[in-house]
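The values are calculated or read from the model by the stated rules, or taken from the named source; none is laboratory data. A quick note: this is a predicted structure, and the numbers were derived from the prediction, not measured. With ideal geometry, Cβ positions are generated from the backbone for all residues, glycine too; neighbour counts draw on all protein chains shown.
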Ligand SMILES: Nc1nc2c(ncn2[C@@H]2O[C@H](COP(=O)(O)OP(=O)(O)O)[C@@H](O)[C@H]2O)c(=O)[nH]1
Ligand SMILES: [Mg+2]
């Protein structure tokens, strides 16, 4: 299936640390280790698998010792890659670990491509494709929730879900193909209705999975939230308050913030990137105008917006303009400075934005901030119960979309009483799409693209 040579790479980050690991996988892994590893104490006997051995690394040509190390042998098939794997646990010095790697390569190992260890794990059936990809998500995860989602996927939760779809699809396909094999028995009317129902149910289940994508994307990449409003309402103060420290300059002068300031917070595991923007208003000041344009651009790109109003002053046209700007977006309205009392009623806001949630806070006093965070999280994620798995990967999403589309046209063919061959073509397309998610694919291009995104040594 692939050229079974022996690959090696540094598996830990390059830098100073307690330990650095060089990983070797392939048929020659153990032979290479036996040439450069000298065991302390008892020297004879074959090394046991899944055991750590203490010893030194020695250059066989010069007999010079490089490092005292721990060596682990994991013989196939019970190893990460499913091949013989040897790990050298050295002291974590940049120069040292490169020397060790160099010595291993000099014994005939090849420097691994990015993700090549995981690719081999996949090709040897140790992981399916969603699990292999989850390994990468796990490495990149930035919050505990992202770790949890990636771990679920690595443990096969998504595969299980998609596999159920595939099984149900195969059921339908068997019936349709039977009709092809016995042409005189055309698909009976009753059977046709049943098939339509079953395919319809399958479409719904596919969409359930697809709907989790947005949620997964937010957990993985973070949600982008734009804080907007006219100048001086307390946008920068709010950013500082949510961050818990003074990041942005706050002054009583309108127009202080001109650039877009970006900072990240974590709301119960959901990474949120906050954008503090220049106040939105008509201005003749050239620099401020650029700031205002930037604000509007960011508002457009954001996953959600917080419109800040100053409750200590009557509403202005600029406030109303901001409220209409976010009309079609996920957004919250925040009435700030509630420590100073409130000069207008919420019904005035309701006239412009009937459905938005309105919260009262004080950025400088810290009132209402927890409620704001909770409301923001709900706005971004919705309050639905947690699905069994979450789609985080665009490749999975596209494949499922293709499956959904193919099922749709299979249903149309059934309704139009087209010949079973036509229905089978669509159903087979849907099946290909589902199988692509879990990785029953042999397309080298797809695999190459997926694994090239990994880091070297994984
Ligand atoms: N009393 C009070 N003043 C606030 C509050 N939030 C902001 N301010 C003041 O309002 C002024 C403008 O704040 P700033 O955050 O720069 O507004 P921005 O222009 O919207 O970014 C500053 O003098 C802040 O101290 C609040 O909750 N209560
Ligand atoms: Mg500001």
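Taking the criterion of being under 30 Å from residue 149 (Cβ atoms) and within 12 Å of ligand 2 (Cβ to nearest atom), would at least one residue in region 200-207 satisfy it?
Pass one, region 200-207, residues under 30 Å from residue 149 (Cβ atoms): 200-207.
Subsequent filtering for residues that are within 12 Å of ligand 2 (Cβ to nearest atom) retains none.
There is no residue in region 200-207 that is under 30 Å from residue 149 (Cβ atoms) and within 12 Å of ligand 2 (Cβ to nearest atom).
For residues that are farther than 21 Å from residue 118 by Cα and touching a strand residue (DSSP E or B) at 6+ places or on another chain (Cβ under 8 Å), scanning just region 18-31, find the one that is surrounded by the most Cβ atoms within 10 Å (Cβ to Cβ). It would help to see each step written out before you state the result.
Here is the first cut: in region 18-31, the ones farther than 21 Å from residue 118 by Cα are 18-19, 31.
Narrowing the set further to residues that are touching a strand residue (DSSP E or B) at 6+ places or on another chain (Cβ under 8 Å) leaves 18-19.
On the way: 18: 8, 19: 12.
Applying the filter and picking the extreme gives 19.
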Would you mind stating whether residue 300 is farther than 16 Å from residue 375 by Cβ, within 16 Å of ligand 2 (Cβ to nearest atom), surrounded by fewer than 16 Cβ atoms within 10 Å (Cβ to Cβ) and at pLDDT 85 or above? no
Over region 1-27, the set of residues in contact (Cβ under 8 Å) with a residue 60 or more places away in the chain, within 17 Å of residue 77 (Cβ to Cβ) and not in a strand (DSSP E or B) is 1, 2, 4, 6, 26
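Please determine whether any residue of region 223-233 is away from ligand 2 (no atom under 16 Å from the Cβ) and in contact (Cβ under 8 Å) with a residue 40 or more places away in the chain. Walk me through it before giving the result.
The first filter runs over region 223-233 and keeps only residues away from ligand 2 (no atom under 16 Å from the Cβ), leaving 223-224.
From what is left, the residues that are in contact (Cβ under 8 Å) with a residue 40 or more places away in the chain are 223-224.
Yes, some residue in region 223-233 is away from ligand 2 (no atom under 16 Å from the Cβ) and in contact (Cβ under 8 Å) with a residue 40 or more places away in the chain.
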Those residues of region 236-294 which are modelled with pLDDT of 90 or more, out of contact with any helix residue (DSSP H, G or I) (no Cβ under 6 Å at 6 or more places or on another chain) and near ligand 2 (Cβ under 10 Å from one of its atoms) amount to 236, 237, 238, 239, 240
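Answer yes or no: is there a residue in region 339-349 that is touching a residue at least 40 places away in the same chain (Cβ under 8 Å) and assigned to a helix (DSSP H, G or I).
Checking region 339-349: at least one residue is touching a residue at least 40 places away in the same chain (Cβ under 8 Å) and assigned to a helix (DSSP H, G or I).
Would you tally the residues in region 36-73 being outside any strand (DSSP E or B) and farther than 21 Å from residue 95 by Cα? Step through it out loud before you land on a result.
Narrowing region 36-73 to residues outside any strand (DSSP E or B): 36, 40-50, 59-64.
Add one more test, that the residue is farther than 21 Å from residue 95 by Cα, and what stays is 40-50.
Of the residues in that region, 11 qualify.
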If we ask which residues in region 359-416 are within 16 Å of ligand 1 (Cβ to nearest atom) and not in a helix (DSSP H, G or I), their number turns out to be 10
ask   = Is there a residue being near ligand 1 (Cβ under 9 Å from one of its atoms) and part of a loop (DSSP other than H, G, I, E, B) anywhere in region 234-243?
value = yes
Based on what the data block shows, is residue 347 assigned by TED's automatic domain parsing to the domain that holds residue 272, at pLDDT 95 or above and out of contact with any helix residue (DSSP H, G or I) (no Cβ under 6 Å at 6 or more places or on another chain)? no
